[in-house]
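Colleague: Structure below; questions to follow.
Taken together, the values in this text are just the output of simple stated rules run on the coordinates, not laboratory data. A quick note: this is a predicted structure, and the numbers were derived from the prediction, not measured. Virtual Cβ from ideal backbone geometry, glycine too; neighbours counted across all protein chains shown.
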């Protein structure tokens, strides 16, 4: 155990070398017992986090009685709000860092290692720059630009109100209206933060301003009675059969018309003002202290201090390996002319793989996804020791955000079971989803990927704060590992095109290592990154453009998938070599899954401790 604790501390120290120190550590004579001191520090950190990110409290079902005010307001996205949030979290982290983890019980050692690593990473960008925002709608996620095309308040708030804010009775309907009334302040605060960033020199690229403006205008264009928030609220009132539903709907309509839509319009007006002065350079290298910011983002998003150059080379090596494997399958199916990317482009437009782009075709696609999820559930017991009780539902991405939303994404279930996990699929155009690409997407977003990870996390007996946070590189690394696991399960045994889809998805994650570091560290242009992606993996230009623009506003986030998968696979090989005939894939998968939302250094230590215990 001493050796394990030393390794944990070493991993944490590696990532916390520049952490602030706490000068108010209690004297030895007056200090409470270490476990009690630690529990109080975790409680302080939890209160600070949920108070300053109230949407996370709602998502997890944290009562407003526990953390006052969390049920009736949105996160303060203003400059002062972000400053106060950072200060509160820094103070709570300093208190946690003042505690010697070796003096704690084993379960507390884990919590200490996870929280200190995740908060150090999340706060590191705001320690080097004075712009952007540290927290997203539901977790700690630094954004250099406060309002963008695929996240931030203009996208997250409508999604939160539609999928996370409960509306099952009259009391909840009343709470919904109170929170809806706070949207104006949240949007105005975000606009203030956006203006502040522009004044600091952190103006988004012109193409990001254009895409962000399009999302804002699409939301604000319909009249209030056709607004996405209003229509969703009315539907949920009807589903819950809330008494006096029309009265609640009428009040929501007035708030949306008088406050919400005008707040969106103010954002649109400002974006129109700055559009002409926005540069075209894609990378954060051009922002104030941009090089230091990208290094901090790598730390935040990969739980490591890897260099951009090393990551870039890893991407190039993986692109080469995966491309060769794809070439074998393509040739076996008669596709021999042209590059791998060109042959994939041929497959993308073959009618036999396409769904009709109408209501019937979209419903068939959704049903196929549901069948893939159900088929995977039948196989899971052979590969895991236990499965979470929470289920997952397949849903379509709301129309207003389809233009800039990812092809698919996942939202965690409620811990109390009142809400399942949601696997969202973007159906703005079914041609973007050839049938041979869909199984892998389902295995990544639902099971055994994000849903198995997220639902397991919700059911663990750990502090609520741990359920609100996750490591980008271990969470996304697990989901990419799950894609390969599906192949090992035999899900593509009679489906070479499905296996090709798996390899293309893996290739896509390798390309991300190249293009993300290319733009943010090597000064690639947006166009250069798009061209590389299209040529390397055969994506259509529109999809590649959406992907590249995502990396522009989420620096380093796209690095987590491949880097995380590679580390999990290396751990598995290490376990196989050490355990020989005693190795059981069910035990390995369960070891990783049970801590899959923890930072990768902790996962590595967990697996190695499991190996040593045999």
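Colleague: Which percent of Cα pairs goes in each bin when the distances of segment 515-564 are cut into 10 angstrom slices starting at zero?
Modeller: 27, 59, 14
Colleague: Label-point separation (nm) for residue 576 and residue 309, each offset 7 Å from Cα along Cα-to-Cβ?
Modeller: 3.3 nm
Colleague: Given bins 10 angstrom wide, list per bin the percent of all Cα-Cα distances in segment 292-567, short to long.
Modeller: 7, 28, 37, 23, 5, 0
Colleague: Also, I was wondering about something else. Based on other C-beta atoms within 10 Å, arrange 543, 168 from fewest to most.
Modeller: On the way: 543 19, 168 14.
With the fewest neighbours first, 543, 168 line up as 168, 543.
Colleague: Moving on to the next point. Per the Cauchy relation, a quarter of the hull surface: what is the mean projected area of the convex hull of the alpha carbons in segment 452-610, in nm²? Mind dumping the intermediate values first?
Modeller: Values: hull surface 44.3 nm².
That works out to 11.1 nm².
Colleague: Stretched out fully, how many nm does the piece from residue 254 to residue 586 gain, at 0.36 nm a residue minus the Cα gap? The partial results should precede the final answer.
Modeller: Numbers: separation 332, 0.36 × 332 = 119.52 nm, distance 5.46 nm.
Full extension of this stretch gives 114.1 nm more.
Colleague: Kirkwood hydrodynamic radius, computed over distinct alpha-carbon pairs, for segment 145-280: how many Å, to one decimal?
Modeller: Values: mean 1/r = 0.0643 Å⁻¹.
Mean inverse Cα-Cα distance, inverted, gives 15.5 Å.
Colleague: Let me ask another. Can you order the peptides 129-140, 555-566, 40-51 by their average number of other Cβ atoms within 10 Å per residue, highest first?
Modeller: Values: 129-140: 21.7, 555-566: 25.7, 40-51: 19.5.
Descending packing order for the listed peptides: 555-566, 129-140, 40-51.
Colleague: Could you calculate the FRET efficiency of residue 363 with residue 102 from 1/(1 + (r/R0)^6), where r is the beta carbon distance between them and R0 is 45 Å, rounded to 0.05? Intermediate values should be presented prior to the final figure.
Modeller: Numbers: r = 57 Å, r/R0 = 1.27.
FRET efficiency, residue 363 to residue 102: 0.20.
Colleague: Here's something else I'd like to know. Rank these for me by crowding, 241, 547, going from fewest to most other beta carbons within 10 Å. Present the calculation step by step, with values, prior to reporting the outcome.
Modeller: Details: 241 9, 547 22.
Ordered from fewest to most neighbouring Cβ atoms within 10 Å, 241, 547 come out as 241, 547.
Colleague: So for the chain: antiparallel DSSP bridges make up what percent, rounded to the nearest 5?
Modeller: Values: 6 of 11 bridges.
The antiparallel fraction comes to roughly 55 percent.
Colleague: Output the Kirkwood hydrodynamic radius of the chain, Cα pairs only, in Å rounded to one decimal. Present the calculation step by step, with values, prior to reporting the outcome.
Modeller: Values: mean 1/r = 0.0399 Å⁻¹.
Kirkwood hydrodynamic radius for the chain: 25.0 Å.
Colleague: Expected output is a single nm value to one decimal: the length gained when fully extending between residue 239 and residue 609, i.e. 0.36 nm times separation in residues minus the C-alpha distance. What is it? Could you put the intermediate results ahead of the total?
Modeller: Numbers: separation 370, 0.36 × 370 = 133.20 nm, distance 4.92 nm.
Fully extending the segment from residue 239 to residue 609 adds 128.3 nm.
Colleague: So, one more: From the C-alpha coordinates alone, can you work out the Kirkwood hydrodynamic radius of segment 323-362, in Å? Could you put the intermediate results ahead of the total?
Modeller: On the way: mean 1/r = 0.0878 Å⁻¹.
The Cα-based Kirkwood calculation yields 11.4 Å.
Colleague: Between segment 145-168 and segment 374-392, how many Å separate their Cα centres?
Modeller: 30 Å
Colleague: Continuing with the same structure: How far apart, in nanometres, would the label points at residue 35 and residue 291 be if each is projected 7 angstrom from Cα along the Cα-to-Cβ direction?
Modeller: With each label placed 7 Å out from Cα toward Cβ, I get 4.9 nm.
Colleague: While we're looking at this one, here's another question. Assuming R0 = 22 Å, what is the FRET efficiency of residue 231 and residue 370, from their Cβ-Cβ distance, to the nearest 0.05? Each step should come with its number before you reach the end.
Modeller: Numbers: r = 24 Å, r/R0 = 1.10.
Computed FRET efficiency for residue 231 and residue 370: 0.35.
Colleague: When 377, 294 are ordered from fewest to most other Cβ atoms inside 10 Å of their Cβ, what list results? Intermediate results must be reported in sequence, preceding the final value.
Modeller: On the way: 377 16, 294 25.
Listed from fewest to most nearby Cβ atoms, that is 377, 294.
Colleague: For an R0 of 35 angstrom, estimate the FRET efficiency from the Cβ-Cβ distance between residue 528 and residue 429 and round to the nearest 0.05. Could you put the intermediate results ahead of the total?
Modeller: Working: r = 25 Å, r/R0 = 0.73.
The pair residue 528/residue 429 has a calculated efficiency of 0.85.
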